[in-house]
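One structure below.
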């Protein structure tokens with residue numbers, strides 16, 4: 001027997017039912033047994049039951065009850081906005097995403113006491129928790145607790161846990177996600193500890209078994225999407241959110257739905273999903289594309305702005321860099337509140353897959369940067385551990401740079417990955433640059449530091 005996924009308890013299904021489980025979210029079985037089996041997946045749905053846990057981490061769109069002792073005018077029910085902040089009278093916006101209710105209460109209390117109230121006693125409770133977590137255990141490569149962003153099938157849940165183990169794959173269930181991939185590449189499970197030994201709790205895990213894109217201008221319809229394909233919060237769609245003119249970059253980031261002035265689709269897909277890998281594709285623009293878009297190259301960008309942001313933790317991406325003059329791949333962090341700097345460059349490279357850079361930018365300190373050298377042109381893991389004291393970079397688990405955290409880097413940040421072309425740093429592509437070029441992403445994971 002295999003255990004299926006429901007949103008509140010275990011659902012038992014047979015192996016023969018797996019094809020159906022991949023097509024629709026399984027129904028809840030009231031009499032589902034909670035016994036161990038080859039695969040098990042159980043989800044905790046947002047609501048008062050989950051909110052009662054003292055370790056629950058607040059997420060966007062959660063509803064909170066905030067009370068201040070003997071100051072009834074400040075008592076209210078508030079909702080976390082899409083950037084992970086809560087707005088309170090007198091003190092304005094306070095970062096909330098990723099914090100416990102006790103941590104948020106302390107932050108609100110500190111802000112009130114700094115200017116308005118001498119001895120504030122603040123209590124925060126979760127009234128309605130929209131965040132969801134799923135626990136996947138059993139015959140999978142990486143059992144653990146994973147965040148959910150929408151309806152999830154059994155097969156998607158198994159994919160979150162890096163797929164079924166080799167025993168299950170060999171037993172005739174090769175249609176499960178991960179069986180094909182496991183045969184061709186090593187599976188790297190989520191970490192339990194950071195490279196410096198601190199315990200980790202997984203908060204975001206993108207394995208690219210699917211690609212959950214938010215169509216530009218369709219936030220309301222694509223509520224379950226994770227990745228934007230433009231800079232900004234999705235409210236703008238023009239050229240200014242599709243390239244970085246300040247860098248004099250030569251590409252424009254496109255969507256599959258983009259059309260020419262005659263409303264004909266360009267037909268370029270800058271995202272290629274295969275075997276648990278997402279490729280961001282860049283190539284020269286066609287004459288029609290260049291005339292309409294104004295730049296000589298088209299490429300792909302993904303960001304979690306407005307969908308996921310986190311203050312502090314360990315951030316990691318396993319990627320394969322493209323080779324070619326003028327190619328500028330990067331994985332980086334920017335503040336959820338907007339603006340620049342600060343910026344944390346988990347990794348960026350300019351045309352040479354055996355050379356990369358890890359950097360912080362700040363208004364308070366000079367730029368700190370280190371050059372690293374992956375052993376070959378294959379997949380490598382780039383990470384950064386970031387807390388209130390230090391920012392520490394890693395390549396394949398080995399420390400590469402340690403520096404103090406600037407004062408303006410103590411704010412929730414979201415993650416981006418892109419393949420830029422040209423610009424003041426990368427230079428122009430030349431005859432040696434091969435097209436189409438691909439920046440390959442195996443996974444992007446984010447963790448908070450555990451107790």
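The values are calculated or read from the model by the stated rules, or taken from the named source; none is laboratory data. Please read all numbers here as calculations on a predicted model, not as lab measurements. Glycine gets a Cβ as well: all are built from the backbone with ideal geometry, and neighbour counts include every protein chain shown.
A few remarks follow.
- Residue match in segment 255-264 (condition: in the same structural domain as residue 305 (by TED's automatic domain parsing), touching a strand residue (DSSP E or B) at 6+ places or on another chain (Cβ under 6 Å) and under 18 Å from residue 293 (Cβ atoms)): yes
- Restricting attention to segment 256-293, the residues that are in contact with a helix residue (DSSP H, G or I) (Cβ under 8 Å, 6 or more places away or on another chain) and either in a strand (DSSP E or B) or surrounded by fewer than 20 Cβ atoms within 10 Å (Cβ to Cβ) (or both) total 5.
- Against the numbered list (1) touching a helix residue (DSSP H, G or I) at 6+ places or on another chain (Cβ under 8 Å); (2) at pLDDT 95 or above, residue 367 comes up short only at (1).
- Test for residue 326: is it more than 29 Å from residue 450 (Cβ to Cβ) and exposed (fewer than 15 other Cβ atoms within 10 Å of the Cβ): no
- In segment 351-364, the count of residues that are at positive phi and in contact with a strand residue (DSSP E or B) (Cβ under 7 Å, 6 or more places away or on another chain) is one or more.
- Residue 426 surrounded by fewer than 23 Cβ atoms within 10 Å (Cβ to Cβ) and modelled with pLDDT of 95 or more: no
- A single member of 348, 390, 371 is crowded, with 17+ Cβ neighbours inside 10 Å, without any contact (Cβ under 8 Å) to a residue 24 or more places away in the chain and assigned by TED's automatic domain parsing to the domain that holds residue 413, and it is 348.
- Identity of the residue in segment 232-243, assigned to a loop (DSSP other than H, G, I, E, B) and in contact with a strand residue (DSSP E or B) (Cβ under 7 Å, 6 or more places away or on another chain), that ends up surrounded by the fewest Cβ atoms within 10 Å (Cβ to Cβ): 234
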